[in-house]
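First up is the structure itself, then whatever we jot down about it.
What follows draws every value from the coordinates through simple rules; no lab data is involved. Treat the numbers as computed from the prediction; the structure is a model and nothing was measured. Neighbour counts are summed over all protein chains in view; Cβ atoms, including those assigned to glycine, are modelled from backbone coordinates with ideal geometry.
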Amino acid sequence: MNILDLDFPDWEDAVVRAGWKKYRGGQIFHWLHRQRIFDPAAMSNLPADIKDWLQREFEPYPGIHDPDVRKSLRDGSEKILYSLPGDSHPGGKEMEIVYLPHKTWNSVCLSTQSGCSLNCGFCASGRIPFKGNLSVAEMVFPVYDLIRKTEEKINNIVFMGMGEPFYNYENTLKAARILSRQEGAGIGVKKIAISTSGVLPAMEQFLRDKEPFALALSLHFFDHGKRRDFMDVEDKYPIAEVIRFLVQNKDYFNRRTIMLEYLHLPGINDSPEEARELGKLGQILGGRINLVPYNGETLKIKNYLLRKPSWQQSVDFQNQVKRLYKMVFIRNSAGEDIAGACGMLAGSFAKEREN
Ligand code: SAH
């Protein structure tokens, strides 16, 4: 196990099992996740035998270093690409995070898988080989690395990078919990959002476990046939069922902030009827609707032509939705010039290096 894979209670259990007092677990967690000191030798309030035990029993944190960084000249966002050594994946596996600094707050977009096991027609992450789930350590370490490098506070975490968080449920939730702990980075639970394409059984588990984090649903289409044309996940978990589930449990989800992500594909999913459906759902569910203008190249998929909407097209659609529901925003995706925007994460550094 990697030293960064364990949550606070895991450490308490581990030290007790090894014969020490419970509070030692908290001290270890504090060193790792608050102080971001990963070398047991430097954990000055621990006795030598615990330090030895840590060295002996746990894989040390690095394993991932020297990421490739590309900074956007347009908006200051940074895309950071890690090559993870993967015993299970000869040649390693790639993973990207995106740092989104703002005037008064900073946000990080994390990946949960290397590549993505979904296959959404509009998204670049599905076009590269899927190389598996990220571990807890692989999700939290890049955040600490970023804090060290920028010397900035991170206020927001969104699990909206490569991968489907709800196909890597345990690790994602554990990473979120670790990042939210007061004894660690202390990022507010409502400031941590997990996005899903609509993996219903995991959404049900999220509710059963009373997870406190914000939930985002990548809605994109109301029509079953149309959604299926773009998203394989629709075959397994039709959007109508997912919506029904959210509506039935709207009180719960609303207390935690629910976000509906709606990819804007001009001429494909922006009819007046679709604007009405979206506005109506907003009225029923509450929460926040984010319109995400399609990023990326003009592309023909089946009978559809995917292209970027003009700003005006997105504003027009937004205004139609707004007639029914006010909380609808156009999410101006940062990092487009560095292929760091939504739907553009595809390990592109490595490809460029090969060329
Ligand atoms: N698999 C999860 C997490 C990924 S979040 C999910 O689907 O929610 C990434 C978001 O970017 C998703 O809402 C995804 O649908 C959206 N996206 C994918 N391709 C995009 C593109 N080309 N332009 C804009 N947004 C895109």
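Overview of values
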quantity	calculated
Test item: Cα-centred dipole of the range 68-354, Lys/Arg +1 and Asp/Glu -1 on Cβ, debye	720 debye
The range 20-151 - charge dipole about Cα centre, Lys and Arg +1 at Cβ, Asp and Glu -1, debye rounded to 20	400 debye
The chain: Cα Rg divided by the 2.2 N^0.38 Å rule of thumb	1.03
Cβ-Cβ FRET estimate between GLU297 and HIS102, R0 fixed at 35 Å, reported to 0.05	0.80
For the chain, Cys with no neighbouring Cys Cβ under 4.7 Å	CYS109, CYS116, CYS342
Extension gain from HIS224 to ARG34, taking 0.36 nm per residue of separation minus the Cα-Cα distance	63.8 nm
Global geometry of the range 8-57, whether rounded, prolate or oblate, following the gyration tensor of its Cα atoms and the 1.5 cut on a/c	oblate
DSSP-defined beta bridges in the chain - what % are antiparallel, rounded to 5	50 percent
With Cα atoms, 0 to 90° folded angle of helix 311-322 axis to the chain main axis	90 degrees
Crossing angle, helix 169-180 versus the chain [Cα axis fit, 0-90 degrees, rounded to tens]	70 degrees
Contour minus Cα-Cα distance for VAL16 and LYS71 (0.36 nm per residue)	15.3 nm
Degrees separating the helix 272-285 axis from the principal Cα axis of the chain, which is the longest one	40 degrees
Amide N of the range 194-227 lying under 14 Å from the label point, which is placed 7 angstrom from the Cα of GLU241 along Cα→Cβ	198-205, 224
Calculated on alpha-carbon atoms, Rg and Dmax of the range 82-169 in Å	13.5, 42
Entries of LYS71/LYS191; LYS79/LYS149; LYS280/LYS322; LYS93/LYS131 with Cα pairs more than 18 Å apart	LYS71/LYS191
